[in-house]
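Heads up: the structure comes next, in structure tokens.
What follows draws every value from the coordinates through simple rules; no lab data is involved. Just so you know, these numbers come straight off a predicted model, no measurement behind them. Please note: Cβ atoms are built from the backbone with ideal geometry, for glycine as well, and neighbour counts cover all protein chains shown.
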Amino acid sequence: MVGHWELGTNGDGGYDYERGMSNRALEAYREGRQPLSRWTAGELRESGWKHTLKLARHLAKAGVWHSWEWHHSGGTYFNRVYFYDAAQLLESWGALSEDERRRHMAECAAPKIEDEESVEGSLALFETRWRGGRPYSVQVGRQEFTGIKRGKWIFLDGSNAKKRASGKHISWRPAAA
């Protein structure tokens, strides 16, 4: 197999081009460690975790569930991808006091409070047309709107629609009082 080295043959673990990751990252996966984004609730339950995936991710972000190791990713950028071990999650959770556990559970369950503001603006209206059997969009006008901005989203009044505040085809300003 071209581009595939076994662990230890060149001192750095090698790289499996077919799978797109280092041999050491592959070994971590085989041993049950993986990036936070790859964990599922089912996998955590199988390892003995009795709480939610959301709480586990919260604990990682809060620094309670520490990454076990990291591996390079991202081609030429050599990004670090942190790998987590479920056994370490159970151990870290067990080391917390009952008050600390309650606090983390409350933080995780609490809805995020975001600033809200009334806004007004306009957004582009598009129509799909066909040329040569392929669809393309044409701007056919603009529509005025009012709404509430929460975080990155604007929820339009009078509909269930929401638009990204930083979108390309929307302009908005705080609503006049």
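Can you give the charge dipole size of the stretch 116-174 about its Cα centre, rounded to the nearest 20 debye, using +1 on the beta carbon of Lys and Arg and -1 on the beta carbon of Asp and Glu?
Numbers: 12 positive and 6 negative charges, 87 e Å.
Result for the stretch 116-174 is approximately 420 debye, rounded to the nearest 20.
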Exercise. Return the long-range amide H neighbours of VAL119 (sequence gap of 5 or more, or a different chain), with a cut-off of under 5 Å between placed amide H atoms.
Key: GLY147, ILE148, LYS149, ALA175
Practice problem: Please give every one of the lysines within straight-line cross-link reach of LYS152, meaning a C-alpha to C-alpha distance under 16 Å, and leave out same-chain neighbours fewer than 8 residues apart. | Solution: LYS112, LYS162, LYS163, LYS168
Exercise. First measure r as the distance between the Cβ atoms of ILE148 and ARG101, then evaluate 1/(1 + (r/R0)^6) with R0 = 22 Å and state the FRET efficiency to the nearest 0.05.
Key: 0.05
Exercise. For LYS149, list the aspartates and glutamates whose Cα falls under 14 Å from its own Cα; do not include residues on the same chain fewer than 8 positions away.
Key: GLU114, ASP115, GLU116, GLU117, GLU120, ASP157
Quiz item: For the stretch 116-174, what number results from the quotient of the Cα radius of gyration and 2.2 N^0.38 Å?
Solution: 1.31
Exercise. Treat each spin label as a single point 7 Å out from the Cα along the C-beta direction, and report the GLU43 to LYS168 distance in nm.
Key: 3.4 nm
Self-check item: Share of Cα-Cα pairs in the stretch 32-109 lying beyond 22 Å, as whole percent
Solution: 24 percent
Exercise. Select one label from [x] 18.3; [y] 13.6; [z] 10.0: the one whose number is mean projected area of the Cα convex hull in nm² as derived from the coordinates shown.
Key: [x]
